[in-house]
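First up is the structure itself, then whatever we jot down about it.
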Amino acid sequence: MNAFTSTLPLADVAHVRQGHAFRGAIPAVADGPVRVIQLKNLTSPETLSAEALLRTRLPSRNPPHYVQHHDILLANRGSRPVATLLAHPPAQTVCSPHLYIIQVIATELLLPEFLAWQLNHVEVQRQLRRQSAGSRQHSVRKSAIEHLRLRIPPRATQQRIVSVTHALQRTRSKVDELMQARDAEITALAERMIQGRAA
């Protein structure tokens, strides 16, 4: 491959499948061997921890497809289908049917971290919204994801973009921590003022 950015449909570089086909509500089993990632678990790394995931037991007749390291999860409904890259998920973990699992197959061409970044890019999100079906409940079809046109630069460029994105995320996290500390400080000061105590 040359040093220029190529444009390919997602289906050429990744495999897309839907989460486990549960029938009805997912039964919670306290000591169940299988964990389930649901839409609500995509809000933060903490909600993706083994302790935060629902545990259940699956029928043995159909071996499930467990998620793997660097799989990308994408909500198939909602106004903004955010992509989440999995990092070392717990063993024997499946996804609810409201999630798509995207697995990079052209690993020599595409970094999973870069694909997750590009799926969250404003232009790709715009493509997904345009192709969403349903007026009341937006639903993203599997075919729409597979036909997404991706811009794939050389791996070195992908790695630089991923590194810069991680640095930005770390900066935002630090700023958020500082803001929370400042909010707590101001709240404590206001409380002392209300009670008539000196600052």
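Calculated from the structure, Cα Rg over 2.2 N^0.38 Å equals which of (i) 1.15; (ii) 1.09; (iii) 1.26?
Recomputing Cα Rg over 2.2 N^0.38 Å here gives the entry labelled (iii).
In deg cm²/dmol and to the nearest 500, what is the mean residue ellipticity at 222 nm of the chain if only DSSP H runs of at least 4 residues count, each as -39500 (n - 2.57), divided by the residue total? Don't jump to the answer; show the numbers that get you there.
Numbers: 4 runs with 63 residues, N = 199.
Only helices count here, giving -10500 deg cm²/dmol.
Quick one: longest stretch of the chain between exposed loop trypsin sites (Lys or Arg not before Pro), exposed meaning at most 16 other C-beta atoms within 10 Å and loop per DSSP? Show your work: numbers first, answer last.
Working: sites that count: R23, R57, R61, R136, R141, R197.
By the stated rule (loop sites, at most 16 other Cβ atoms within 10 Å), 62-135.
Using Cα centres only, tell me the gap between the range 82-96 and the range 29-75 in whole Å.
Centre-to-centre (Cα) distance: 6 Å.
Taking θ as phi - 60°, what are the ³J(HN,Hα) couplings along the range 51-59 by the Karplus curve (6.51, -1.76, 1.60), each to the nearest whole Hz, with x for Gly and Pro?
Rounded to whole hertz, the list is 5, 8, 7, 5, 10, 8, 10, 10, x.
Determine the share of the range 1-103's accessible area contributed by carbon and sulfur atoms, expressed in whole percent, with a 1.4 angstrom probe. Could you put the intermediate results ahead of the total?
Details: 3030 of 5680 Å².
Looking at the range 1-103 in its full context, I get 53 percent from C and S.
Counting heavy atoms of the protein chains only and a 1.4 Å probe, report the per residue accessible area for the chain as a whole number of Å². The partial results should precede the final answer.
Values: 12220 Å² over 199 residues.
Accessible area per residue, the chain: 61 Å².
On a 0 to 90 degree scale, rounded to 10, what angle separates helix 155-194 from the longest Cα axis of the chain?
Helix 155-194 and the main axis of the chain meet at about 30 degrees.
Filter the GluC sites (Glu not before Pro) in the range 75-179 down to the DSSP loop ones having no more than 12 other Cβ atoms within 10 Å, then list what survives. Before the final figure, lay out each step's value.
Numbers: sites: E108, E113, E123, E146, E177; in loops: E108.
Sparse-neighbourhood loop GluC sites (Glu not before Pro): E108.
The values are calculated or read from the model by the stated rules, or taken from the named source; none is laboratory data. These numbers were taken from a predicted model, which means no experiment stands behind them. When we count neighbours, we look across all protein chains shown, and the Cβ atoms used for this are built from the backbone with ideal geometry, even at glycine. Surface accessibility is based on the protein's heavy atoms, side chains included, excluding ligands, DNA and RNA. Shrake-Rupley method; radii C 1.70, N 1.55, O 1.52, S 1.80 Å.
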